[in-house]
Amino acid sequence: MLSALFRIYSYLYHLILALFLLAIAVVAILSHSQLNLGMLPWKGHPLIHWLLGAALLGLLSIILAWKGKLRFLFLLYSLAVFGMMFRGYFLGGYTFRGKDEFRMVILLTVGALLAIVGAWSQFRRTNPRAR
């Protein structure tokens, strides 16, 4: 039961994140804007393409995992998201603009870590006696 809740949380967390990344990328493409997100290693057009690719890969991995296919892809995506967050915010020299931003980043990063638990839980074997 708990693993199912973690799995649902993981799908929702990454769905919201992927849709957010997609929206940023589409707005940047349509407005011909140059993006600069300090926590990510890319800037400008390469950043837009990475955001678009990450969003599409995230959506694809969620759909496939939900259907029971290529579940490892969703786990890899979850690990990559957490890794990029942790590296970008805490190891990359990112400067926080106050306590509120720091708290939000902590919550987002812990949320990504919990989403890994949900992605990992899809590999647990079910107990045949419990059916």
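Bear in mind these aren't lab numbers, they're just calculated from the coordinates by the rules spelled out. All values derive from a computational prediction rather than experimental measurement. In this analysis, Cβ positions are derived from the backbone assuming ideal geometry, glycine residues included, and neighbour counts consider all displayed protein chains.
Considered as an equivalent ellipsoid built on the Cα gyration tensor, the range 81-121 has semi-axes of 21, 12, 4 Å, the largest given first. Using the Karplus relation 6.51 cos²θ - 1.76 cosθ + 1.60 with θ = phi - 60°, the per-residue 3J(HN,Hα) values for the range 63-73 come to 4, 5, 5, 4, 7, x, 10, 6, 4, 4, 5 Hz, with x marking Gly and Pro.
Given an 8 Å cut-off on Cα distances and at least 6 residues of separation, report the relative contact order of the chain as a percent. Mind showing how you got there, number by number?
Values: 129 pairs, mean separation 49.1, N = 131.
After rounding, I find 37 percent.
From the Cα gyration tensor of the range 1-40, with a ≥ b ≥ c the square roots of its eigenvalues, which class applies: rounded if a/c is under 1.5, or else prolate if a/b is larger than b/c, or else oblate?
Numbers: a/c = 8.79, a/b = 2.79, b/c = 3.15.
It is oblate, given that a/c is not under 1.5 and a/b is not larger than b/c.
If only the Cβ of Lys and Arg carry +1 and only the Cβ of Asp and Glu carry -1, the dipole of the chain around its Cα centre is close to 640 debye. Projecting the Cα atoms of V26, L5, G44 onto the charge dipole of the chain, computed from C-beta unit charges around the Cα centre, puts L5 farthest toward the positive end.
Other residues whose C-beta falls under 10 angstrom from the C-beta of A65 contribute a net charge of +4, scoring Lys and Arg +1 and Asp and Glu -1. Here the Karplus curve 6.51 cos²θ - 1.76 cosθ + 1.60, taken at θ = phi - 60°, turns the phi angles of the range 33-43 into couplings of 8, 9, 8, 8, 10, x, 8, 10, x, 9, 9 Hz, with x standing for Gly and Pro. Gain on full extension, evaluated as 0.36 nm per residue between I8 and K43 minus their Cα-Cα distance, stands at 9.3 nm.
With a simple spin-label model that places each label point 7 Å from the Cα along the Cα-to-Cβ direction, the separation between F20 and K99 comes to 2.2 nm. Diffusion coefficient of the chain by Stokes-Einstein, Kirkwood radius over Cα pairs, 4 °C, 1.567 mPa s: 82 µm²/s. Phi angles across the range 82-95 convert, under the Karplus curve 6.51 cos²θ - 1.76 cosθ + 1.60 with θ = phi - 60°, into 3J(HN,Hα) values of 4, x, 5, 5, 5, 5, x, 8, 10, 10, x, x, 5, 9 Hz, Gly and Pro given as x.
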